[in-house]
Amino acid sequence: MTYRLVTSDPDPTTVRGLTLLLTLPEGDCVVAADGGPVLSTGEVAAGEHWLLDTARRVALQTHGFRIQGMRTVAVAELGPADPGTGLQVYGFATGGPDGGGWTDREVPLERLPADRLAARLAASGDAAAARFVVDAAEARRARTDEHAAADNLRWQAAYLRAETPWGQSGNSGTYEDWERSRRPVAAAIERSGTFLDVGCANGYLMECVQAWCAERGLTVDPYGMELGPELVALARQRLPRWADRLWVGNMQTWAPPDGLRFDALQVRPDAVLLERRAELLAHLRDQVLVAGGRLIVTMAESGPYGTAAALLEHSGFTVAGAHGHVAWADS
């Protein structure tokens, strides 16, 4: 195989396999402990898209790791010119231990810095794997806000092809999974007013929050903004009555039109670089919420390596409440 660095994804039809370095938001690598696999490797199964399907499946199967994003670092040609010819894609994936939400498999994991992992691989005689870890770590260090936004847009295709409204909002499970995950957002709202879903996808959470709050006698007027233009178009198609309150924008810089401010908003900061999350929350507080408005933070259910409440506290907020992977504070 001829391994070479790349700066973009290959043609999906050429990808036959994946090798992933699994990393936590803080930057450490995750490997299976007690002699398990260091890298997450697998083949693209029939009918799968290498990024949207295979990457997620393989990480869960080998490490019980739920990935939130992935960036391609290198490719290598496989075999001679025959029907099996194609590419092995090498990349780093960010995320965290699944915690039982998507797989029953529990894999003991070890976390360590990339330089230590590369040294361990080199010492064991696997120079090729050590080189890849070094390359992946450098690519990860070089990520910018623009890279993070582009990576988020790559996942838009997975939402658009989903067959359920909650699938089009990023939950591939059942409705019960969706409600368990997202109803805490509505529980954080304690008074009637406006609500903004930051990263609204197809707008389904807007609908659900309004309905769930109505069960408690609250009147919630929902709005939404989203990075992906195609998802905003889908939301406007689904929710024509709210078409004029759905906007395309980047959460790190977006400000509402016409001086609007909102009584409550929900955001998933794990869509941006770790070092920019506190800045994101400050921006939303200062430019998007009303004074005294409620900032509701949702984080991926990724186990012990970070919580919404911890992020709020780290960012200078006083936590007003928390439920599972959702926490909230007042501006």
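The values are calculated or read from the model by the stated rules, or taken from the named source; none is laboratory data. All values reported here derive from a predicted model rather than from experimental measurement. Note that we place each Cβ from the backbone using ideal geometry, even for glycine, and neighbour counts take in every protein chain shown. The protein model used for the area step is the full one, side chains on, heavy atoms only, and it has no ligands, DNA or RNA in it. Shrake-Rupley method; radii C 1.70, N 1.55, O 1.52, S 1.80 Å.
A few notes on this one:
- Filter pass, Ala211 being within 30 Å of Glu26 (Cβ to Cβ), outside any loop (DSSP other than H, G, I, E, B) and of a type in the set (Gly, Ala, Ser): no
- Members of the stretch 264-282 that are open to solvent by 50 Å² or more (accessible area, probe 1.4 Å), touching a residue at least 24 places away in the same chain (Cβ under 8 Å) and of a type in the set (D, E, K, R): Arg268, Arg276, Glu279
- Within the stretch 47-70, the residues that satisfy the criterion of being within 22 Å of Thr298 (Cβ to Cβ) and among the basic types (Lys, Arg) are Arg56, Arg66.
- All conditions in (1) in contact with a Leu (Cβ under 8 Å, 6 or more places away or on another chain); (2) surrounded by 15 or more Cβ atoms within 10 Å (Cβ to Cβ); (3) farther than 24 Å from Leu274 by Cα hold for Thr62, with the sole exception of (1).
- Any hit, the stretch 186-206, residues being free of Cβ contacts under 8 Å to residues at least 60 places away in the same chain, over 30 Å from Glu26 (Cβ atoms), out of contact with any His (no Cβ under 9 Å at 6 or more places or on another chain) and charged (D, E, K, R): no
- Filter result (touching a residue at least 60 places away in the same chain (Cβ under 8 Å) and open to solvent by 40 Å² or more (accessible area, probe 1.4 Å)) within the stretch 121-140: Ala128, Arg131, Arg140
- Flag: Trp155 does not match the condition of being closer than 18 Å to His325 by Cα and aromatic (Phe, Trp, Tyr).
- Where helices (runs of 4 or more DSSP H) fall wholly inside the stretch 228-331, the ranges with 3 or more residues that are not aliphatic (A, V, I, L, M) are 229-238, 277-287.
- Filter result for the condition that a residue is among the small types (Gly, Ala, Ser), over 20 Å from Phe262 (Cβ atoms) and open to solvent by 50 Å² or more (accessible area, probe 1.4 Å), over Ser181, Ser172: Ser172
- Of the helices (runs of 4 or more DSSP H) lying entirely inside the stretch 119-177, those carrying at least 1 residues that are over 24 Å from Met251 (Cα atoms) are 127-141.
- Residue in the stretch 1-18 that is closer than 27 Å to Glu106 by Cα, hydrophobic (A, V, I, L, M, F, W, C) and modelled with pLDDT under 95 present: no
- Within the stretch 214-227, the residues that satisfy the criterion of being assigned to a loop (DSSP other than H, G, I, E, B) and more than 14 Å from Gly199 (Cβ to Cβ) are Glu215, Arg216, Gly217, Leu218, Thr219.
- Where Arg16 falls short, out of the listed (1) exposed (fewer than 15 other Cβ atoms within 10 Å of the Cβ); (2) over 17 Å from Ala93 (Cβ atoms): (1)
- Pairs where the first residue, in the stretch 239-257, is within 26 Å of Ala278 (Cα to Cα) and the second is among the charged types (D, E, K, R) and open to solvent by 30 Å² or more (accessible area, probe 1.4 Å), C-beta under 7 Å, 6+ apart: Leu246/Arg236; Gln252/Asp145; Gln252/Arg276
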